Each structure stands twice: as structure tokens, then as C-alpha cells.
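No lab work stands behind these numbers, since they all come straight from the coordinates. Small disclaimer: the values here were computed from a predicted structure and weren't measured. Quick reminder, even Gly has a Cβ in these numbers, built from the backbone with ideal geometry, and neighbours come from all protein chains shown.
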Amino acid sequence: MPTWLPALACGIGALAAIGAWRLRSSAEAVWAAAFCTLVAFGALRYTLSAPLPGPQSIARYNGQRVTLEGVIVAEPDVRPTHTNLRVQPWRVIGASHVDEALDDLVLIRIPAEAGATGWRYGDVVRADGLLDAPPRMSAFDYREYLARQGVFSWMRRPRRLVRIGAGHGNLLVARLLDARDAVRQAVRRILPRTEAALLNGILIGDDKDLPEEVKIAFRRTGTSHIVAISGFNVSIVIALVVPGLGRLLNPRRAALFAIPVIALYTVFVGASASVVRAALMAGIGLFGALHWRKGFTLNTLCAAACLMLVANPQTLFDVSFQLSFTATLGLVLYADRLSGRVREWVQERLHNAYAQKAMLLFLDGILMTLVAQLTTLPLILAVYEMFSNVTLLANALVLPLQPPIMILGGFAAFVGLFAPQVVGALVALPVHALLSATIRIIMWLSDFKGAVTPVYGFGPPAALAYYLILLSLTVFMLQPAAQRRAVADLIRARAGTVATLAIALVAVVLGGIYWFQRPDGKLHAIFMGSSAVIQSPSGKQAVFVGEGNAAALLERVVPVWDREIELLIVPQRNERGRLDALPLLRRYRVGTLLVPSGDEVAGESAAEWQGAVASSVARVVTATPGMSLTLDGDVFVAIEMRAPARDGAQVIGVRVIHGAVAMDLVGDHQALGHPTAPTLIFLAPAKADIAELNAARPRWVVWADSAGTPPIGLDPRIRAVNLKDAGQIAYTSDGARLVAQGR
């Protein structure tokens, strides 16, 4: 929104709050005005922080081959297949000029075989290669993710990358990263690979060396929080630091010394959103201890979240922040109330003190997992698209092992920094046993046939409904017993009226949804990434699969009751095509799957692809040149085989015909030719032949969001849309003409 709008609302709200206070209005009026002011301030702060490149952004060179110099401003992200370097550019060197007025960051990705140079934070590098916008993937918008972190450009596989300087970063951060790397290497020396990767994840938040099958097992059992630094780790650090300092100093001085220790630990482990949230809560609590004030955890949680969002509103969209906040909220609201009842239940049935402690230790793990999952469930279903049926048991078994793993593992890593490898390995034997036990338990539970239940298409409306119901029940249960009984008696006395109102509300909502999502008798075409979604006049769907989250797009445009894709076109038989199409096969039934000729290509997704096709697809059709399929009464899809891919396999291109409107869909692949005067041509910039396009004289050219920029020389009478800039574009056709929505 324009900046002046929330600024004006914020000013009016502030004046209203001050006026209500000075005029001695009711407390409710003052608080209502203050609340509106806060909401307007949040909108203003978010607007000012919108993740958009500025006029001096390096992104203005996207699509060009450049030579740039800059400094690495974050710890290199080393992965098994590649290394990511985040670089603050200093200058772009051209053939005839040098541009030093540059903002924003560049992500440089180098393959694993070229990453052995030992890149470090603070290194100055010179890179030569194609600068482009980051990609939009089929199930993850990588561009949006990076934009929230100030990265609007990336250079994949630079032709040349050399170090031309070092030591240009913050000295304290550099020393902390050096210490972090030293701990990482010490753990790798004293433990086997898998156990070392798990301990590094627990100690410093680096689980990149963890085998993929182990990561999948942690996700399937709902224990991924164990292999990432979270508030749990911070709480252990606080439990170790504060009591120890309290014995040497008084509690106030202990808090004074503990605050910088927690701040250093936060930077040391990478300052992820979950760690910052826990560190801020700890800092607020310790600040209160300095003034002899006891904290209220719910207020502390909300204050920490508010500080984080004021500092960076984009944190709100960080999944780590969302999960950390909602999990902590569940613990705050429900854990204490339920743990007391669990303790009473155990004490009534077990009279042996040791048996009570063992049972409480086991039940506490289940209870903490249950209340945390109660508030995080919608996020888990939306992000991971699965529900773990063994998460309660898995967390109950492995959570008690984590404090000793962190304590013994930290001690073993410290010894490994200075002692010979043999000594370090001996000291690490106890933590080695605990780590192995954790991995074995997780792998064992993950292998159960019914360990997870797939959940696809759990979107924002379902999440909102879940949280509204949970909030209503929570508010009701927090009321005094007398008020709860009064409400229950009122509902029973007016059961018929309540039921009638509920049915009427549901009917109005469903009727409104049907009214706004019913077919309007026109053809709709939406383009995003290198995918296209076609909706016929009667509401039937055809999807041309490419990059871009076509599944999320369909969730927005397809009626909620329609879970079928009449025609799914996968242009090429390869791993990438399968990965692009799998999210659609998981969520929708497919009437006809159209694929090019040839055998399936081997790959990691081959088995899942075969299972999804068998369960979701009514028929599979192999495309042949000249084939024509009827999508609707007056909508036809004509097949034209395109130029072979690099591996020689055929690629499908299609032409959608609706009366006098013809749309040529090419996507990422080279066209053999275009029909004379088509209405629209959809193809990638890198595959464009300007002479052919000008000869075909389409009314519209939509450039797919792929590598490179559109070539120069397009006839100015042809309307061009670049999806790198537009994100997506929608058209409607009545059979006579094609109209772009919003243009």
C-alpha cells in the first residue's frame, strides 16, 4: 500500500488515543484507540520494509553477464552438492564503465567440486557470470524467500570466482564464526559422520551433513526440532549459566553477566528466528531480575515477538519463527495447567519415588509435545504436508536424552578442540551412545508403515478456521467455572436457536463461496513461472506444468469443491518434470495425463511418481504430433512436438484454441514455429527467436520466468509481459478476443 496511508492512520490513531486520555474517556476507549494506532504502526513498518529492490539495486543487472566484486557477508553455506555465498557487491565492472552505486545482496552458488577453496566470512571475491533473478520452484518460492533477506540476484555456476582480499567483515562475528567452525571440525574428528552431524545440529545448528534418509526420518516422526537450534537449547544454556553465576554472585549480578553470554551464544549458533525469540525472552526475564521483577511468560513471549517484528517485519513469514512462536504459546497456555493434573494422577497411582520420577519424565515428553503440537498443527500440515502418528511416542523417548547430549556433547567438543583425536573420541563415548540411541529410535519409528498420514492442500482458510476454534475454546476454558457453567446452560436452553444460527451461517458461507467461484462462461488462462493453468468456460482445468507453484495457484482459482484436473500436461520425461508435477498429483485427481513418448528417466522421484500416477490418474496418454484433445465443448488442445531437449527426448508444446483465440504454450522449451497471428505466445526468454515472433505477429507474448532476459528487437505492436516482473498474469477469453485482467 502507499506509505502515506498507514502513516496517516497511525497519526490519527495516536491523536485519538491522546485525546481520549486527556478528556478522561473510558479506559476501553483509550485502549481501543491505542490498539488501532499499534495496528497502523505495524502496517507502516511493514510497508517501509517491503522486500523490493531499490533504484541502486544490483538487481538492475539481472539477465546480464557481469564481473562483480564484493565481500562475503555471511558464513558460507556448505552443502553436499554446492556452496552458497552471500556477497555484498562493491562494484560491477563493465567493458566501458565501473558501477559502484550498488545495494542489496547477491547469492553466488558454486558446485561442490569447486567449493574446496575454503571460502570464509569477510573474503573479497571477484565473480564473472550470468546474474539473474533467483528461481521460483514448483513447491517453494525461492525468490520470495531470498527477497525477504535482501537478496534479489543470484549467480549460478560463475565462469570464474577468485579471492582478491580477506578480513573485511566484523571482527567479533569473524571470531565467533571461526570458533563455530572449530567446534564443527572437532566434532567431526571425534565422532562418526551421522552422529557428528546430529551433534553439530544440536550444538551449533549445522545439520547439513546429516544423511537425507535421517532427515526424512526426523520429519516423519515430528522431531525435526531436535536437529536445529531452538528455544530448547537456549533454555539449557540459561539453566547452566544462571545458577552457576548465581552461586558466585548475587542473582542480579548473575543476570547482568548472563545477558551478554546469551547474546554471544545467539550469534554463535547462527541467530535463527527461533533462537532470537528464545534469547529475547531470556533477556527480558533477566532484565526483570535486575529490577527485582518477576516475568509473566505470555507477556514476555509477545514482547519478544513484537521486538523482532518491529526490527524486521519479514520475520513474520519465517517458518522457523512461526513454529517457534506457536509452540511456545502452546506451552505457555496449556502446559502448566495440564502438568499439575498429570503429576497428581501419577502420585495417586505410583507410590515409589523413583517410579514417579521415571513416569513423569516419560509423560512430560508426551505432554510437552501434545501442547506444542496443538498450536503448531496447522503450520506443520501446511509446510510438511504430513501428520506424524508417532510424534508423541518419538518425542517422549528422545527428548529426555537431549539435555545430557548437549552437556556431554559440548564437553566432548571442548576437549576435542585441544586434545588428540584418540582422547577426544574416548571422552565422546557417552554422548556417542546417546546420539546413536536417538538415531536408532527415530529410524525405527519412522519405518512403521503407518508412521505418517499425508495431508495435501491444507491452506490458509483451514488454518484460520482451526485457530479460531482453538482460540474460542481456550478463552472459554480460561473463564471461571461459574461463567463456564452459565454459558453451557445457556447453550443447552437455546440449543435449537444456536443450531439454526450455526446452520444458517454455514449455508451463507458456502453459498457465498459457490457464488464467487462458480464458472462465468469464459475461458481463463493464468501464467506463472513456466506453468500455465487453463480454466474452461464450464470450469474444467488443464495445467501445462513447468516451474512455479502451480498447485498453490490452483488452490486460489479452483472452486473448493473441485478436486479434479481434467488435463495435466507434463512437457518432458525427466526428473525436473516429475518434481514439478508431483504436488498436483498429490492434491488432485487427474482425468488425463499427457506425456511425451519415451521411457521414464531414473531419478529419486521415480518410485513416488509411479505410485502417484497409479493412485491419482484415470488414464495416461502419450502425445503424438497432430493430436487434438477436447477440454470443453468449444475449447480444444492441439499437440505439437517441440525441439528435443538436451538429452534428445521429445518435448510437448500445446496450442489452446477457444473460438478465434489461439494460445501457443511453449514454456521453457524451444518452439519449432508459431501459427500465423496467434493471440498469445507463452515461452521462455532464452528460447525466443525474435524474427519468428515478429513474423507470427501475436497480440501478446508472455515471457516465462526463466533464465535470461527477453532479447531486444520485438515489434512494438506486440504486447509483452515478463513474469519475472509481473509474478503472474491472468487472461480471459470469450472466444472472440483475449483480455488481460488488470491491464
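Hey, can you rank 20-31, 68-79, 168-179 by average C-beta count inside 10 Å, highest first?
Descending packing order for the listed peptides: 68-79, 168-179, 20-31.
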Next on the checklist: Using Cβ counts within 10 Å as a stand-in for footprinting exposure, how do Y145, Y354 rank, fewest first?
Outcome noted: Y354, Y145
Item to check | Between helix 429-446 and the chain: long-axis angle, C-alpha atoms, 0 to 90°, nearest 10 | outcome: 50
Checklist outcome for this item: For D520, D132, ascending order of other Cβ atoms within 10 Å (fewest first) is D520, D132
Item to check | Cβ-based net charge around P111, under 11 Å, with every Lys or Arg adding one and every Asp or Glu removing one | outcome: +3
Item to check | On Cα atoms only, tilt of 4-22 relative to the major axis of the chain in degrees | outcome: 30
Checklist entry - Which of the following values of mean projected area of the Cα convex hull in nm² was calculated from the structure shown: [x] 44.0; [y] 33.3; [z] 40.7? => result [z]
Next on the checklist: Sort 7-16, 344-353, 435-444 by the packing proxy (mean of other Cβ within 10 Å over each peptide's residues), most packed first.
Outcome noted: 435-444, 7-16, 344-353
Checklist entry - Which of A289, W561, A279 sits farthest toward the positive end of the charge dipole of the chain, with +1 on the Cβ of Lys and Arg and -1 on the Cβ of Asp and Glu? => result A289
Checklist outcome for this item: Magnitude of the Cβ-charge dipole (Lys and Arg +1, Asp and Glu -1) of the chain about the Cα centre, nearest 20 debye, reported as 1680
Checklist entry - What ranking, highest mean first, results for peptides 214-221, 623-630 when packing means the other Cβ atoms within 10 Å averaged over each residue? => result 214-221, 623-630
Item to check | Proximal lysines to K540, defined as alpha-carbon separation beneath 24 angstrom and excluding residues fewer than eight positions away on the same chain | outcome: K522
Next on the checklist: I'd like to know which of M359, P135, A462 lies farthest towards the positive end of the charge dipole of the chain, counting +1 on Cβ of Lys and Arg and -1 on Cβ of Asp and Glu.
Outcome noted: M359
Checklist outcome for this item: Any lysines whose Cα falls less than 21 Å from that of K687, other than same-chain ones fewer than 8 residues away, would be K724
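What is the antiparallel percent of DSSP beta bridges lying wholly in the chain, to the nearest 5?
The antiparallel fraction comes to roughly 70 percent.
If you place +1 on the Cβ of every Lys and Arg and -1 on the Cβ of every Asp and Glu, how big does the dipole about the Cα centre of the stretch 523-740 come out, in debye to the nearest 20? Walk me through the numbers on the way to the answer.
Numbers: 20 positive and 23 negative charges, 64 e Å.
Using only the charged Cβ atoms, the result is roughly 300 debye.
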Item to check | Among Q373, A263, V701 - extreme Cα towards positive end, dipole of the chain, charges at beta-carbon | outcome: A263
Checklist entry - Leaving out same-chain residues fewer than 8 places away, which aspartates and glutamates sit with a Cα under 14 Å from that of K208? => result E75, D77, D181, E195
